[in-house]
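Reviewing the structure listed below.
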């Protein structure tokens, strides 16, 4: 009997991750969940940089311009995956905090089905309308061949990247940051290893970069598929959960709408900038923006990692009505992410030539890229607060506030400025739009966060008896 009980217990996933979210000291918990996410996101951003470096060195400025045109299209594709992943993860964290395991499992099943259906639809649309889409996103006659070569390959990785991004968020929702990190490390390391083989060794150019990317995305998807079918996840699995339920789907999209708005608006912004740069600066300016965008993306990823580590903590404890833990973890995330942003700001302002020189030997391209890099990072320290502030509302299930903050910087503010400022300032008008939008969107975020924290402050002593011993003794 004792042996039978032991065997049964070995098959049941440990409950320590759930207990950890509600009782472990907040500083230690945020560190534990954020560091794997930061490492994973940093590595993932690194292979985006490495792609640009290899293409720039192996193909040239036209190659960088081509992948710059394709990148915002990839962002829209990822936006759908983020919508499902972040929306579903918020629900899973809160349902686990409330002890509603069946609802968490049903949410996960809906995430899987939505990911597969939407990704296949996007693949078909992208293939059928490839050339018009590339033109819409700023492809000039010179850059169109490189953009076609890259996008015609990368499009077949849509189901892989959609599944991987969706399930990665589910792993974080249950507090398993190490699996989420392992997923990104697997894909990123494979991509970095395959890039030089395909681009230089097999002389495949931008097609080689695209092929390396979809192989790495497939590996990440396989990694997660194995994990969720291994019995190690605390989220229940079963065919009975693989059925779409409108209330679940509605809530996923309502909460995930802010993530979609952020990613999709980023895509629209990049497409608009590409078109404006084609008009005022030409192909070299587009290639310069491609390099700058990847640098900023790299800088952003650890901040996103902090936000991802924060999400399950906020969602679980808000669901469990442990409001002091919500406030404390949010404040720690703001402090740490802002400190990192200040550090990056100093580095980028101090040695822009060295950083840009890693991407290309083209002197004209590097000369064009340096001034706008300084403009774009001018108010970088404020961006960390925007990212974590928006994440607060996503985790708490506040769909409207999260949507407003996601739209503020890149749609409501930046896009109008990118359209109108160049009419007065020419090419520089495109670049000065970025710091102005950062300042205004920071102000909006600050206002909404203060209002929300005052509401949470009204319940700051709720469930104080459920805290672990010593919880209040550590900041």
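The values are calculated or read from the model by the stated rules, or taken from the named source; none is laboratory data. These numbers come from a predicted model, not from an experiment. Methodologically, a virtual Cβ is constructed for each residue, glycine included, from the backbone with ideal geometry; neighbour enumeration extends over all protein chains shown.
Given (1) assigned to a loop (DSSP other than H, G, I, E, B); (2) modelled with pLDDT of 90 or more, identify the lone condition not met by residue 175.
All conditions are met except number (2).
Within segment 319-347, which residues are surrounded by fewer than 20 Cβ atoms within 10 Å (Cβ to Cβ) and part of a helix (DSSP H, G or I)?
327, 331, 334, 335, 338, 339, 340, 342, 343, 345, 346, 347
Report yes if residue 254 is surrounded by fewer than 19 Cβ atoms within 10 Å (Cβ to Cβ), within 25 Å of the chain's Cα centre (by Cα), at pLDDT below 85 and under 30 Å from residue 406 (Cα atoms), otherwise no.
yes
Considering each of 128, 112, 120, 153 in turn, give the residue that is surrounded by fewer than 23 Cβ atoms within 10 Å (Cβ to Cβ), free of Cβ contacts under 8 Å to residues at least 60 places away in the same chain and in contact with a helix residue (DSSP H, G or I) (Cβ under 8 Å, 6 or more places away or on another chain).
The unique qualifying residue is 120.
Of the residues 18, 57, which is farther than 30 Å from residue 139 by Cβ and modelled with pLDDT under 80?
Unique residue meeting the criteria: 18.
Scanning segment 412-439 for residues that are surrounded by fewer than 18 Cβ atoms within 10 Å (Cβ to Cβ) and under 17 Å from residue 261 (Cβ atoms), which turns out farthest from the chain's Cα centre (by Cα)?
416
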